[in-house]
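The structure appears right after this line, and notes come after that.
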Ligand SMILES: [Zn+2]
Ligand SMILES: [Zn+2]
């Protein structure tokens with residue numbers, strides 16, 4: 001979802017010549033049309049939210065199916081909101097902002113006169129309808145929370161709920177968009193900056209620095225709390241020394257019982273944070289929490305975070321070289337100008353979704369296996385663990401019980417978050433049934449492109465115990481895949497820089 005949003009917002013910020021306002025209504029008219037579209041979107045959000053609340057009031061016992069319907073309505077609103085934004089851009093909003101924020105030659109001689117940061121104004125209607133829809137969906141979310149079968153603590157206030165979602169968006173979407181807007185602004189103010197390949201090289205290192213340092217801000221951005229001393233923390237610290245992993249801190253993310261998840265950030269021990277949500281900690285048993293901790297440690301032990309950073313950097317260079325090659329090829333039919341910009345962003349997005357998604361799903365499986373190993377003893381066919389069972393150091397053993405604990409943890413996540421479950425859903429026929437089926441499919445694909453579905457992960461893990469060398473084969477395949485892709489990317493960059501010179505390589509970036 002975040003990737004899709006990022007692609008759309010990036011395209012909206014591109015220096016594209018948007019069409020003039022419809023019917024020649026001019027600047028004010030275009031602002032009015034945009035206002036009407038935003039108001040229409042907010043009305044839809046109000047209607048969707050109200051529908052969930054009233055269905056719950058009528059029939060609290062069918063919370064499950066109402067919650068599923070609500071999830072689909074929120075997903076359709078996500079797409080509707082994007083569609084509305086594109087609509088108002090082509091109806092003249094893009095043109096209006098570009099004209100209103102371009103100053104005359106007297107103020108800014110020499111440079112491009114479209115003011116730095118004006119892209120933020122382009123995004124304003126989207127943010128109004130997005131944040132407004134959160135305020136409206138709050139009623140439905142609170143009603144669902146209150147009707148939940150298990151205790152989930154008190155829910156957010158409306159303002160608290162908006163802040164909670166805003167913080168997540170800040171982390172995943174807004175920070176990259178703001179950085180890009182700052183970069184576009186700097187390029188407009190100092191257009192000669194990129195004539196030197198050294199400047200581009202510096203920019204590339206700057207990007208790497210961001211990838212390195214941004215994770216340190218995660219606790220601040222999400223408002224995380226340090227995990228208090230106690231039984232769980234002691235157990236995780238014991239596991240950490242058994243697995244030989246270092247980190248800066250263990251944190252709790254207060255989601256008011258909304259989300260069961262965990263994550264790890266930071267490439268180096270001093271910048272590394274391991275995070276658990278409140279709901280995950282309150283619903284899982286201690287050994288399941290330890291197994292989830294093992295999954296996050298697995299990402300560290302297999303070097304996934306370094307791999308992702310290197311993969312992204314190499315991919316941008318390779319894609320840049322590829323665009324340049326297509327551009328310079330004789331008889332090329334590449335679109336030019338605005339269309340080329342949009343095509344470039346779209347191809348990069350699709351590349352990330354397909355290639356990065358594929359690699360990421362493999363790495364998740366590796367981390368899953370490490371999670372199982374974290375809670376495994378030395379007997380592969382053991383039939384259970386007692387208080388005296390000693391677990392294998394550095395995650396080097398894999399036993400039946402260990403796999404069982406991790407699988408239970410995964411199934412519990414699915415049960416609580418209820419994301420991708422298909423059970424007892426009402427089959428509808430006709431266009432509405434087809435539409436909601438398609439929407440559900442798109443929603444599941446967007447939600448699971450990085451991690452795969454829990455059902456598939458569980459099915460894979462269950463093949464591991466007892467299978468002869470199955471785990472070694474799997475690890476070998478993933479290692480081969482990761483190195484193959486890495487060498488392919490690095491090799492193509494090397495080939496282009498030997499062939500055309502490294503300065504030419506950076507031209508495409
Ligand atoms: Zn993971
Ligand atoms: Zn065991």
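The values are calculated or read from the model by the stated rules, or taken from the named source; none is laboratory data. It should be emphasised that the depicted structure is a prediction, and the values quoted were computed from it without experimental measurement. All Cβ positions, glycine included, derive from the backbone under ideal geometry; neighbour counts span all protein chains shown.
Taking only the range 113-139 into account, find how many residues are more than 24 Å from the chain's Cα centre (by Cα) and more than 30 Å from residue 101 (Cα to Cα).
1
I'd like to check something: does the range 201-210 contain any residue that is closer than 30 Å to residue 14 by Cβ, part of a helix (DSSP H, G or I) and within 16 Å of ligand 1 (Cβ to nearest atom)?
Applying the first criterion (closer than 30 Å to residue 14 by Cβ) to the range 201-210 yields 201-210.
Of the ones still in play, those that are also part of a helix (DSSP H, G or I) are 201-210.
Those still in the list that are within 16 Å of ligand 1 (Cβ to nearest atom) too: none.
No, the range 201-210 contains no residue that is closer than 30 Å to residue 14 by Cβ, part of a helix (DSSP H, G or I) and within 16 Å of ligand 1 (Cβ to nearest atom).
Only one residue in 266, 298 is within 16 Å of ligand 1 (Cβ to nearest atom) and within 21 Å of residue 397 (Cβ to Cβ). Which one?
Numbers: 266 fails: within 21 Å of residue 397 (Cβ to Cβ).
Just a single option satisfies the conditions, and that option is 298.
For the range 354-372, indicate whether the set of residues that are assigned by TED's automatic domain parsing to the domain that holds residue 306 and within 13 Å of ligand 2 (Cβ to nearest atom) is non-empty.
Looking only at the range 354-372, we keep the residues that are assigned by TED's automatic domain parsing to the domain that holds residue 306, and these are 354-372.
Now drop any that are not within 13 Å of ligand 2 (Cβ to nearest atom), which leaves 372.
Yes - at least one qualifying residue is present in the range 354-372.
From the list 272, 238, 246, exactly one residue is away from ligand 1 (no atom under 15 Å from the Cβ), in the same structural domain as residue 494 (by TED's automatic domain parsing), in contact with a helix residue (DSSP H, G or I) (Cβ under 8 Å, 6 or more places away or on another chain) and modelled with pLDDT of 90 or more. Which is it? First the steps, then the outcome.
Working: 272 fails: away from ligand 1 (no atom under 15 Å from the Cβ); 238 fails: in contact with a helix residue (DSSP H, G or I) (Cβ under 8 Å, 6 or more places away or on another chain).
Answer to the check: 246.
Touching a residue at least 40 places away in the same chain (Cβ under 8 Å) and over 34 Å from the mean Cα position of the chain (by Cα), is that true of residue 368? Full working, then the answer.
Numbers: touching a residue at least 40 places away in the same chain (Cβ under 8 Å): yes; over 34 Å from the mean Cα position of the chain (by Cα): no.
In short, no.
Which of (1) under 21 Å from residue 5 (Cβ atoms); (2) more than 15 Å from ligand 1 (Cβ to nearest atom); (3) at pLDDT 80 or above; (4) in a loop (DSSP other than H, G, I, E, B) is the odd one out, the single condition residue 438 does not satisfy?
Against the list (1) under 21 Å from residue 5 (Cβ atoms); (2) more than 15 Å from ligand 1 (Cβ to nearest atom); (3) at pLDDT 80 or above; (4) in a loop (DSSP other than H, G, I, E, B), residue 438 comes up short only on (4).
Only one of these is away from ligand 1 (no atom under 16 Å from the Cβ) and in contact with a helix residue (DSSP H, G or I) (Cβ under 6 Å, 6 or more places away or on another chain): 355, 345. Name it. It would help to see each step written out before you state the result.
On the way: 355 fails: in contact with a helix residue (DSSP H, G or I) (Cβ under 6 Å, 6 or more places away or on another chain).
Within the list 355, 345, the selection yields 345.
Would you mind telling me which numbered condition in (1) modelled with pLDDT under 80; (2) within 9 Å of ligand 2 (Cβ to nearest atom) residue 375 fails?
Looking at each condition in turn, residue 375 falls short on (1).
Need at least 3 residues that are in contact with a strand residue (DSSP E or B) (Cβ under 9 Å, 6 or more places away or on another chain) and farther than 21 Å from residue 214 by Cα per element, so show me which helices (runs of 4 or more DSSP H) inside the range 238-332 make the cut, counting only ones lying wholly within it. Before you say what the answer is, go through the steps one by one.
Values: elements: 278-283, 286-301, 304-328.
The qualifying helices (runs of 4 or more DSSP H) are 278-283, 286-301.
For the range 206-215, does any single residue satisfy the condition of being at pLDDT 80 or above and surrounded by 14 or more Cβ atoms within 10 Å (Cβ to Cβ)?
Yes: the range 206-215 contains one or more residues that are at pLDDT 80 or above and surrounded by 14 or more Cβ atoms within 10 Å (Cβ to Cβ).
Within the range 349-388, how many residues are in a loop (DSSP other than H, G, I, E, B) and surrounded by fewer than 15 Cβ atoms within 10 Å (Cβ to Cβ)?
Just the residues of the range 349-388 that are in a loop (DSSP other than H, G, I, E, B), to begin with: 375-388.
This time we only want the ones that are surrounded by fewer than 15 Cβ atoms within 10 Å (Cβ to Cβ), so: 378-379, 381, 383-384, 386-388.
Summing the residues that are in a loop (DSSP other than H, G, I, E, B) and surrounded by fewer than 15 Cβ atoms within 10 Å (Cβ to Cβ) in the range 349-388 gives 8.
Table: residues versus (1) more than 26 Å from residue 355 (Cβ to Cβ); (2) without any contact (Cβ under 8 Å) to a residue 40 or more places away in the chain; (3) more than 16 Å from ligand 2 (Cβ to nearest atom); (4) surrounded by fewer than 20 Cβ atoms within 10 Å (Cβ to Cβ).
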| residue | (1), (2), (3), (4) |
| --- | --- |
| 232 | yes, no, yes, yes |
| 257 | yes, no, yes, no |
| 265 | no, no, yes, no |
| 274 | yes, yes, yes, no |
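Out of 143, 202, I need the residue that is modelled with pLDDT under 95 and either under 24 Å from the mean Cα position of the chain (by Cα) or under 28 Å from residue 41 (Cα atoms) (or both). Which one? It would help to see each step written out before you state the result.
Numbers: 202 fails: either under 24 Å from the mean Cα position of the chain (by Cα) or under 28 Å from residue 41 (Cα atoms) (or both).
From the options 143, 202, the qualifying one is 143.
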